[in-house]
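Below is one structure, written out as C-alpha cells; the observations come after it.
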Amino acid sequence: MTLSHEDSVRLFRSSAPYINAHRGKTFVIMFGGEAVLDANFGRLIQDIALLHSLGMRIIITHGARPQIDERLQLRGLQGRFVDGLRVTNKATLECVKDAAGSLRSQIEALLTLGLPNSPMHGARIRVCSGNLVIAKPIGVRNGIDFEHTGLVRRIDVEGIQDQLEDGSIVLLSPMGYSPTGEVFNLSHEDVATQAAIALGADKLITLSEFDGLYKVDDQRNEKFIRTIELNALRSLVDSGQVLAESTCLTAMMATVDAGIERAHCVSYKDNGTLLKELFTRDGDGTLVMQNHYEQLRGASIDDVGGILNLIRPLEESGALVKRSRELLESEIEQFTVIERDGMIIACAALYIFPEDASGEIACVATHRDYRGQNRGERLLAALKNKAILYQLKRIFVLTTVTGHWFLEQGFDEQSVDMLPSSKKQMYNYTRNSKVYMLNLDS
Ligand code: ARG
C-alpha cells in the first residue's frame, strides 16, 4: 500500500506527539519462545531497535518453552508440567541453559544488524544481559518438588538502570541465579512482570499469537477489546469472558495492578503492529490501563487550544458560529469536553439564562474520526445534568444543520419567540437558525 502525500504527512504529524511522549520512557517488552520461531520475528526485533533509536529505554524478556521442548526431545527426555509449570530436573536444566543461551545470541545477533534501509543503518546497538535476575526455588508444592524451577526473588534494578543509562537494550532470559550460585528456570512472564514493577516501567508490552484480548459473550461471539480498564477486565476474567494468551493476560493484570500505567498486548505475527500500537492514538492491539482513557469533564483554560482545533473545521463549514480565542477563554467555564488520551475529541457548552431559568446548548462538536459512537449523547446528558443542578426549567439550541439530531434527543422545534428575551435580541435573522427546546421539569 502506498500512502498519498496527505496521508503520509497526516501520519507523521499524528505520530509525533507519541514519539515525544515515549522518549526517555521505560518499556518492558515480553514474548515467548514461539515468537522467535515466527516468520515476522526479524522485523519485530527491528521495530524494537527502532524504538530504542527513538530514545525509549527497552528491556526485552523472552521465553524459551518450544526451544526447551525441542532439546528435551533430541535427548530423548520427557518434559514434565504440573499446573502449567515445568518441573526442572538436572537434565532439563541443561536444556534450559542451552535453549536460553542460544536464543539470547540469536536475539543479540538480530539487534546487531542495526536498522536496515534507514538513516540509522550502521548505528551500533548495545545489548546487555547477565546476572540481573536473582531467583529462589519454588520448592515442594503439594508434594511435588519443582527442583530447579524458580521464581524471581529480586531484580537488580540498579544494574539494569546503569545499562539503560548507558544506552543499552537490556535482554533478560528466563533464568535467574541464587546467591548460593544455583541456576533456576523461570517463567518469562514472571521475569517481565517483576522487572516492570521493580523498575517502575511506563509500559509492559506483551507480544501474543493473537492480536490482543477478546471478549466472549454468552453466544460465544468474540469481540475485540481495544482498550479496557483493569477493574472492567477483572470482572470479565472472573466471569470467564476473556479470550487471550494466558501468559500475556496474567502479566498485564499483575503489572497494572501494581501501578504500571499501561500494559499492551499486540500480535507478534503481524508486521508493524507494535509501531502502530505505540504511535497512533487508537493503537492496533489491546491496552489495559488503570485510569480512564477517555474522560468526560468540565473544560479548563488549558483546553482552549484543543477546543479551537476541534471546532475550527465546523466553523469554516458554517455549521458553528465563529468564536475567537479570547471569547472562548472567557467562556471556558461553560464548556464540557471529552478528552481521549490527551486530545479533545468532543465538546459542548451550556450558557445559562438565569432570568428565564433556561440554558442554551451550543458549540456541540465531535472530531470527525470519532463520530457515530454516542459521544454527542454523552455530552448532552452531562449538560442536562448540569442544567438540572442549576435548577433550569428548559434547555434550547439554535442550529442550522443538526436539528434532526436534537429532535431525536427529545427536543421540539419552537418559534424564536420562545427564546429568553436577551437571546431574542441577539438572534441573527440572516443565519436563520431553527430553535429546538427540551423541558427539564419532567
Ligand atoms: N499509542 C498510545 C500508547 O502507546 C495509545 C495506544 C492505544 N492503544 C489501544 N489499544 N487502545 O499509549
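The values are calculated or read from the model by the stated rules, or taken from the named source; none is laboratory data. Here the structure is a predicted model, which means the values were calculated and not measured. With ideal geometry, Cβ positions are generated from the backbone for all residues, glycine too; neighbour counts draw on all protein chains shown. Heavy atoms of the whole protein, side chains included, go into the accessibility calculation; ligands, DNA and RNA do not. Shrake-Rupley method; radii C 1.70, N 1.55, O 1.52, S 1.80 Å.
Here is how the numbers come out for the structure above:
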| item | result |
| --- | --- |
| Cα lying deepest toward the dipole's positive end in the stretch 295-439, options Leu350, Leu380, Ser324, charges on Cβ | Leu380 |
| Förster radius 25 Å - calculated FRET efficiency between Gln106 and Glu165, Cβ distance, rounded to 0.05 | 0.45 |
| Backbone N under 20 Å from the Ile19 label point (7 Å along Cα→Cβ), restricted to the stretch 258-289 | 272-284 |
| Computed lengthening from Arg431 to Glu209, 0.36 nm per intervening residue step minus Cα-Cα distance | 74.3 nm |
| Rounded to 5, percent antiparallel among DSSP beta bridges of the chain | 60 |
| Cα lying deepest toward the dipole's positive end in the stretch 295-439, options His404, Gln334, Gly306, charges on Cβ | His404 |
| Neighbour cut-off at most 13 other Cβ (10 Å), DSSP loop, trypsin sites (Lys or Arg not before Pro), the stretch 348-414 | Arg371, Lys393 |
| Where the stretch 1-149 is the region considered: accessible area per residue in Å², 1.4 Å probe | 53 |
| Interchain or long-range residues, amide H under 5 Å from Arg153's placed H | Ile134, Ala135, Lys136 |
| Spherically averaged projected area in nm², based on the convex hull that wraps the Cα atoms of the chain | 27.8 |
| Using alpha-carbon coordinates, inclination of helix 304-316 to the longest axis of the chain, degrees | 60 |
| Pairwise label distance in nanometres, Val321 with Glu377, each label 7 Å out on the Cα-Cβ vector | 2.9 |
| Qualifying trypsin sites (Lys or Arg not before Pro) in the stretch 220-265, DSSP loop, other Cβ atoms within 10 Å at most 14 | Arg220, Arg226 |
| Prolate/oblate/rounded call for the stretch 1-117, Cα gyration tensor, a/c under 1.5 rounded | prolate |
| Assigned charges on the beta-carbon of Lys, Arg, Asp, Glu; the stretch 177-239 dipole about Cα centre (debye) | 180 |
| The stretch 310-442: relative contact order as a whole-number percent, Cα under 8 Å and 6+ apart | 21 |
| Cut-off 12 Å, label 7 Å out along Cα→Cβ of Asp302, residues of the stretch 319-342 by amide N | 342 |
| Of all accessible heavy-atom area on the stretch 32-80, the percent that carbon and sulfur account for (1.4 Å) | 49 |
| Given Lys136/Lys269; Lys276/Lys384; Lys136/Lys203; Lys25/Lys136; Lys203/Lys223; Lys322/Lys384, the pairs whose alpha carbons are separated by over 28 Å | Lys136/Lys269; Lys276/Lys384; Lys25/Lys136 |
| 14 Å tail of the calculated P(r), the stretch 1-69, as % of Cα pairs | 69 |
| 0 to 90° range, to nearest 10: angle between helix 246-257 axis and the chain longest Cα axis | 60 |
| For the chain: relative contact order, % (alpha-carbon pairs under 8 angstrom, 6 or more apart) | 12 |
| Karplus (6.51, -1.76, 1.60) ³J(HN,Hα), θ = phi - 60°, over the stretch 207-221, in Hz, Gly and Pro reported as x | 9, 10, 5, 8, 7, x, 9, 10, 9, 10, 8, 4, 7, 6, 6 |
| For Thr88, distant residues with modelled amide H under 5 Å away | His148, Thr149 |
| Calculated FRET efficiency for the pair Leu37/Thr402, C-beta based, R₀ 51 Å, to 0.05 | 0.40 |
| Three-way shape label, the stretch 55-214, alpha-carbon gyration tensor, a/c 1.5 | prolate |
| At R0 = 60 Å, FRET efficiency that the Cβ-Cβ distance of Arg312 and Lys90 yields, to 0.05 | 0.30 |
| Fraction in percent of alpha-carbon pairs per bin - 5 Å, the stretch 253-348 | 2, 12, 17, 16, 14, 12, 10, 9, 5, 2, 0 |
| In nm, spacing of pseudo-spin labels at Asp156 and Asp441 (7 Å Cα→C-beta vector) | 7.7 |
| Dipole magnitude (debye, nearest 20) for the chain, charges at Cβ of Lys, Arg, Asp, Glu | 300 |
| Helix 41-53 axis, angle to the chain major axis (alpha carbon atoms, nearest 10°) | 70 |
| Two-decimal log10 I(q)/I(0) for the stretch 295-439, as the Debye equation yields it once each C-alpha is a single scatterer, q = 0.15, 0.19, 0.21 Å⁻¹ | -0.74, -1.24, -1.53 |
| In sequence order, calculated HN-Hα J values of the stretch 353-362 (Karplus, 6.51, -1.76, 1.60; Hz; x Gly/Pro) | 10, x, 4, 10, 6, 10, x, 9, 8, 9 |
